[in-house]
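Heads up: the structure comes next, in C-alpha cells.
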Amino acid sequence: MIASSFRDCKAWRSEGLPLSTSSNEACKMYDAILTQYVTWRNDETLGGVEGCMSAVRAADPDFVMGHVITTGLELVGTGKSVRLDEGLAAAVRRTVELARSQDVTPRERLHVRAMELFSKGSFPKACDVWEEILVEHPTDLLALKFAHDGFFYLGAQTQMRDSVARVLPHWKPHMPLYSYLKGLYSFGLLETHFYDQAEKMAKEGLAMTPEDAWCVHSVAHVHEMKAEVDKGLKFMESTEKDWEVCDMLACHNYWHWALYYIEKGEYEAALRIFDSQVSRRGSASGAMLDTVDACSLLYRLEMEGVCVKDRWRELHQRILPHTDDHVLLFNDLHFLMASLGSKETNAPHRLVEGLRDLARAPEENWQHQLAGGLGVPMCQAVLEYDQGNFSRTVDLLLPLRYRAQQIGGSDAQRDVFNQLLIHAAMKSGEKHHHKLARCLLVERDAARPNSPLTDRLIQRAHALHV
Ligand SMILES: [Fe+2]
C-alpha cells in the first residue's frame, strides 16, 4: 500500500464520513491503521500499525478519531485490562475528554461512547452503539469491524452475520476495502451454519483479493465444520503463499491447518505446525488470539493422548502476566489450560479465585456478569479434569453446554469444550456417564458426519462397559 493512496480530509468528507481534524496526514494515517486492521497485515513500509499510531498522534495530537482507533484497537486486542493498565485507562479518559472539549460530529461522538463502553466491559451496549452508527453510516468500516469483534467476543453469531448483511447493499465495488466485506459476511454466515453460502461468499472475496486472510479463514472454517479434512488441507496448502504474509491472522490460519491433522490422527504433523508456526508466531506477537490458539492446540492433542512434552512451559510464561486480566472468559479458560499443563501449582487457583472475586461485584462488565454462572464453573470443570475428577467435570459442564456460546469465540474454537465433556464422560467412573458419552457422540456424528476424530471416540466409547 502506498501512503499517498490513503484518504485525506477531503476524501473522507466526500464519502460522508468527515473526520474532525485539519491534518491531511492524520486522516491518511487513520486510513492506514484501518486498512491494516481490516487486512490483518502490518505494512512495514508504513512502520506497521504501531508506526502509524505514532504518526497519527504526531500529525494531530488532539484528533479524536485517531485516539478512538488507536485505543479501540488496544481494547479489542484483549491483551490489556483497563482495571490494571493505567496507561490504557488514561488513553480512554483522554479520548473522552478530547471529544467533550471539541465540536466533533455526532458519529465521532458515538464512536467515543462505544469505545468507552467497551473499555468498561459493557460489550453488548458498545455493540449497540456501533450498530447505531451503522444505521446512519453503513460505510463506516471502523464501526463495522469493531461491532464484528464485539459480537465475536459475545458469541453473538446471528448479530455477527446480520450486522454485515444490513450494510452490504450500501457498498459499491469501487469503494476502498470493499472486497473485505465479503469475508466479514462469510464469517457470520458460517457461524450461523449457512456453510454453502459462506463458502460462496468467501470465494467471491478471494477472486477479488486472493490475499484476504479472513476469507481464507472462512473457507478453513467451512471445511472444519463439514469435516472435509483433505479438502481443508489442500486449500490451506494451495493458498498459503497468499495469506502467510498477513501476520495478524496467519498464526490462527495455521491453527486451523493443524486441526485438520488432529482430525486425521496425524499428531506429529500437528505438532510440527505448532512448533514451526503457532508457537513461533505467538511468541513473537504476544497476541491473545495466537496465545489462546496455542493453548487450544496443546490441550486438544493431550486429550487425544499425545505427549506434548515441555511445550506448556513456554506458553505458561507467556500467559502468566495476564493471569489477573480477566478481559474475556474465553481467554481465562485457555490460560487455565496452560497453567495446568505446565504443572504450575499457584497460577490456576489464583486465576479462578480472581475470576470468582470479580463475579461477586461485576458492575457493568459483561464478562464478569457471566463469570459466576458460566466462566467459574467452566474453569472448575477444567480444574477437576486435571485432577482426575472426571465425573465432577461432567456434572459441571453438562448443564452449561448450550450456554457455552456466550463465552465468545467460534464454534470451532469452543469445540475443545465439547471434546472435554466427551472425554470426561468416557473416563468417569460412573456408568451412566459412559452412556452419556455415547449419546453425545451420536449427536456429534449427526451434526458433523465423517469426522475421523468422532469415529475414533465412538470406537473407544463402545469399548466401555455401560
Ligand atoms: Fe477460526
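Read-outs throughout are calculated quantities, based only on the coordinates presented, and are distinct from any laboratory measurement. All figures in this text were calculated on a predicted structure; none of them were measured in a lab. Every residue, glycine among them, receives a Cβ derived from its backbone with ideal geometry; neighbour counts consider all protein chains shown.
Couple of notes before you dig in:
- Largest-first ellipsoid semi-axes for the stretch 168-266, taking √(5λ) over the Cα gyration tensor eigenvalues, angstrom: 23, 15, 10
- Equivalent-ellipsoid semi-axes of the stretch 387-432, from the Cα gyration tensor, Å, largest first: 21, 10, 8
- Counting every pair of alpha carbons in the stretch 1-152, the share spaced more than 18 Å apart comes to 55 percent.
- Pairwise label distance in nanometres, Glu266 with Gln459, each label 7 Å out on the Cα-Cβ vector: 1.8
- Residue (of Ala156, Gln387, Ala404) at the positive-pole extreme of the chain, dipole from beta-carbon charges: Gln387
- When the alpha-carbon atoms of the stretch 263-353 are used, the pair Rg, Dmax equals 12.6, 38 angstrom.
- Set Lys125/Lys203; Lys145/Lys203; Lys182/Lys234; Lys145/Lys234 screened for pairs whose C-alpha atoms are more than 25 Å apart: Lys125/Lys203; Lys145/Lys234
- The chain, relative contact order [Cα under 8 Å, separation at least 6], %: 12
- The convex hull drawn around the Cα atoms of the chain, when projected onto a plane and averaged over every direction, covers 20.6 nm².
- Taking a straight line from the alpha carbon of Lys343, these lysines sit under 24 Å away, with near neighbours fewer than eight places off in the same chain left out: Lys309, Lys427.
- Partner lysines whose Cα lies under 17 Å from the Cα of Lys120, excluding those fewer than 8 positions away in the same chain, are identified as Lys80.
- For the stretch 67-76, Karplus couplings with θ = phi - 60° (6.51, -1.76, 1.60), whole Hz, Gly/Pro x: 5, 4, 6, 6, 5, x, 5, 4, 5, 6
- Positive-end ranking of Ser22, Asn331, Ala58 along the dipole of the chain, with charges on Cβ about the Cα centre, is headed by Asn331.
- Estimated [θ] at 222 nm from DSSP helical runs (n ≥ 4, -39500 (n - 2.57)) normalised by residues in the chain, nearest 500: -21500 deg cm²/dmol
- Toward the positive end of the charge dipole of the chain, with +1 on the Cβ of Lys and Arg and -1 on the Cβ of Asp and Glu, the farthest Cα among Ala99, Ala220, Ala114 is that of Ala220.
- All aspartates and glutamates inside 14 Å of Lys172 as judged from Cα atoms, apart from same-chain residues fewer than 8 positions distant: Glu15, Asp140
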